[in-house]
Amino acid sequence: MHDSILRLQSCAVDVVIKTHPFTEILYWGPHLAHFSPQDALSLARPVANGRLDVDSPITLMAEPGHGLFGAPGIEGHRQGLDGSPVFRTVDVSLQGQALTIVADDREAGLRLTSEITLDTTGVLVVRHGLTNLKAQPWQVERLAVTLPVAERAREVMAFHGRWVREFQPHRLTLEHDSFVLENRRGRTSHEHFPALITGTPAFSEMRGDVWGVHLGWSGNHRLRAEVKTDGRRYLQAEALWLPGEMAIDQGETLWTPRLYASYSPQGLNGMSQQFHRYLRDNVIRFPENKPRPVHLNTWEGIYFNHDPAYIMRMADEAAALGVERFIIDDGWFKGRNDDRAALGDWYLDRQKYPDGLMPVIDHVKNLGMEFGIWIEPEMINPDSDLYRAHPDWVLALPGYPQATGRHQLVLNLNIPQAFDYVLERMSWLLGEHPVDYVKWDMNRELVQPGHEGRAAADAQTRQFYRLLDTLGQRFPHIEFESCSSGGGRIDYEVLTRCHRFWASDNNDALERNTIQRGMSYFFPPEVMGAHIGHHKCHATFRQHDIAFRGLTALFGHMGLELDPLSVDEAEREGYRHYAALYKRWREVIHHGTQWRIDMPDATTLAQGIVSDDGGQGLFIVSQLQMPDYTLMMPLRLAGLEAGARYRITLLDHPNIRLTGEGGHTMRKLPAWMEVPQVVSGEWLMEAGLALPVLDPESAILIGVERV
Ligand code: GLA
């Protein structure tokens, strides 16, 4: 048996795979220092009474033909035939830590090619390709990646969400059957982020064994955590296809999206740190390796009211505040005065911009800033010249009326003329203007998406990729942001072709604390757009002082989302201050290791980022609500060098001066805030640092520096 046992290894994680006669993942866990293939025999299972007389493996493709009985990894047929394939390995090739396994089912006329790669970061990447070997098409209902996890993974964590409240984690204990997360909205979605985490009971940020998976796909998806009746467990993830949507012709291969998986014995932080490192090493590619510039995006400042003279004054002020990239949002194209009309008419609005865009762009660039612009290429308003000329260019099924969303319909990019039209218009915009940055929006869901009468959500997603790929190749110097009503299209596949995410349309600092924390499980700070919004938040009407807003925007890619001309000097001073603070620390924030810290009081969120050499760390403590306890418990820092000594500095301390005055929660500061201290890394991590008692909706920023 042990001839067919292979191991993929990294410093922290190993995966042991049996390849013959069919492929089974036997182990996915900590790196094994003393492994030898014959050890795997110890796992050969007994056969239980009262069921099949043979062993039923959870194979790589989870075929029911092995007597699996749980959720299969493959479903489909050829007009009712060839519907229960069982694959036998025909070829195995291992190159470094990348394994390719080819398996056939001659009866069903199908071939399965599986790619399993273990990255040095410990992240496992898996995808399957299904090839049809027979003459008639094979109708694919489902094709999933299945990963067995250890039986001790009894709890599941997933994310729910909605527009302006994305990435909200929830937890459950799973003892039987399955937990399923399905997305049918046609984009990655605010509601069902394609990820599942499972772990040992009460796994936390710092503790527990954790197995997390993310499906890199920007369309419909299904993820499942399953407990078999025999106690074995697995995670499964797939693109979700609508009825009749997917078929493969003879010789054709259908690839699943990639499943990214991270195991860590060091809690959620370990899982996230591996994902972050993986993305930094393999996926995130900025056209130029420069610090992430401070943005000003005009949307919440002026909405559709574009007046070039005023915009240029905004740019003057932005530059004076330290902004490095100025982005004109929605409202620049012909007839776009509100959100009811003009999507699709990608021509400059000459009434608003009689002299073209160049005066504004030149002005922005002369101020030393980069220039960015908003587009929403996949959409069409019924009230547009494009729709009047081509009403049949809508992604729809004939005979059914289409509901609009935000007054708009989806442009069917599967129609070559429609695709070429958008490509031509985008090429005009990006080719004839010195644009550095594009905010690419996508503001509605797909309902009955159809092309030539057939469901076409998958095809539309692929056309979106093709459009972005083509533009990325034509304009390699341009950075693209994936926005989708903020937060609606955030995943690893779109990240292979974009450079930033607009995390949420909600700039309320209180809400942002949980949204950004949720996003941090899978994405590092440098790709997370985080803006300081108006004093009175436009999404919630909650009011926050500049300190809480500024500090909350610090641990991402910072920007301003407002009109700096319409606020008083104290506000502006705040923008200047936080832009400068961000610039001083962005090297650490965007390259260091992120730690979310377990706090005993659920009303407190704490996190930090430590530079890779352990020399510098930045920690933020955010108090969301009235604390449960009268004292805040010590902050146990993480990621420091145990033997080194660190100088602790309070870098930003909003309102802390109000100490002792009536109505506030604290009388006397912790000693270190009055008398500077130098403390060992070990002590800071094991014993901690006393925290001041913070008021609700405030935060403090602590710096540590090795002496
Ligand atoms: C979406 C985006 C916003 C803004 C508007 C413009 O809602 O998420 O940031 O660009 O569209 O219409």
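Restricting the search to the stretch 183-210, which residues are on the phi < 0 side of the Ramachandran plot and more than 17 Å from the chain's Cα centre (by Cα)?
Initially, the stretch 183-210 is screened for residues on the phi < 0 side of the Ramachandran plot, giving 183-185, 187-188, 190-201, 203-207, 209-210.
Scanning the stretch 183-210 gives ARG184, THR198, GLY199, THR200, PRO201, PHE203, SER204, GLU205, MET206, ARG207, ASP209, VAL210.
A quick yes/no check of all residues on (1) free of Cβ contacts under 8 Å to residues at least 60 places away in the same chain; (2) over 22 Å from LEU565 (Cα atoms); (3) open to solvent by less than 10 Å² (accessible area, probe 1.4 Å):
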site: ASP505; (1), (2), (3): no, no, no
site: ALA509; (1), (2), (3): no, no, yes
site: ARG512; (1), (2), (3): yes, yes, yes
site: ILE515; (1), (2), (3): no, yes, yes
site: ALA530; (1), (2), (3): yes, no, yes
site: HIS538; (1), (2), (3): no, no, no
site: GLN543; (1), (2), (3): yes, no, no
site: LEU551; (1), (2), (3): no, no, yes
Checked against (1) in a helix (DSSP H, G or I); (2) open to solvent by less than 30 Å² (accessible area, probe 1.4 Å); (3) within 21 Å of ARG325 (Cβ to Cβ), PHE371 satisfies every condition except (1)
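Residue check: is ASN414 outside any strand (DSSP E or B), surrounded by 15 or more Cβ atoms within 10 Å (Cβ to Cβ), within 16 Å of the ligand (Cβ to nearest atom) and not hydroxyl-bearing (Ser, Thr, Tyr)?
Values: outside any strand (DSSP E or B): yes; surrounded by 15 or more Cβ atoms within 10 Å (Cβ to Cβ): yes; within 16 Å of the ligand (Cβ to nearest atom): no; not hydroxyl-bearing (Ser, Thr, Tyr): yes.
When the stated conditions are applied, ASN414 does not pass them.
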For the stretch 403-445, how many residues are closer than 17 Å to ASP339 by Cβ and among the polar types (S, T, N, Q)? 3
Name the single residue, out of those in the stretch 560-602 being closer than 30 Å to PHE522 by Cα and among the polar types (S, T, N, Q), that is nearest to the ligand (Cβ to nearest atom). GLN594
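Considering GLU175, GLU191, GLU182, which residue is closer than 11 Å to ALA239 by Cα, open to solvent by 20 Å² or more (accessible area, probe 1.4 Å) and not hydroxyl-bearing (Ser, Thr, Tyr)? Even if it seems obvious, please write down each step before you answer.
Details: GLU175 fails: closer than 11 Å to ALA239 by Cα; GLU191 fails: closer than 11 Å to ALA239 by Cα.
That would be GLU182, the only listed residue that is closer than 11 Å to ALA239 by Cα, open to solvent by 20 Å² or more (accessible area, probe 1.4 Å) and not hydroxyl-bearing (Ser, Thr, Tyr).
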Filter result (closer than 17 Å to THR188 by Cα, hydrophobic (A, V, I, L, M, F, W, C) and more than 16 Å from the ligand (Cβ to nearest atom)) within the stretch 442-466: LEU446, VAL447, ALA456, ALA457, ALA459, PHE464
Among residues of the stretch 316-334, those that are closer than 30 Å to PRO391 by Cβ and within 14 Å of the ligand (Cβ to nearest atom), counted: 6
Would it be correct to say that ARG474 is away from the ligand (no atom under 16 Å from the Cβ), over 28 Å from MET358 (Cβ atoms), open to solvent by 10 Å² or more (accessible area, probe 1.4 Å) and among the basic types (Lys, Arg)? no
Looking only at strands (runs of 3 or more DSSP E) that lie completely in the stretch 225-322, which have at least 3 residues being within 27 Å of the chain's Cα centre (by Cα) and more than 19 Å from HIS214 (Cα to Cα)? 295-297
All but one of (1) away from the ligand (no atom under 16 Å from the Cβ); (2) buried (at least 17 other Cβ atoms within 10 Å of the Cβ) hold for ALA309; which doesn't? (2)
Among the numbered conditions (1) at pLDDT 95 or above; (2) more than 23 Å from ASN220 (Cβ to Cβ), tell me where ARG51 comes up short. (1)
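The values are calculated or read from the model by the stated rules, or taken from the named source; none is laboratory data. Because the structure is predicted, anything quoted here is derived from the model rather than measured. Cβ coordinates were reconstructed from backbone atoms using ideal geometry, including for glycine residues, and neighbour counts include every protein chain displayed. Please note that ligands, DNA and RNA were not included when accessible areas were found on the heavy atoms of the full protein model with its side chains. Shrake-Rupley method; radii C 1.70, N 1.55, O 1.52, S 1.80 Å.
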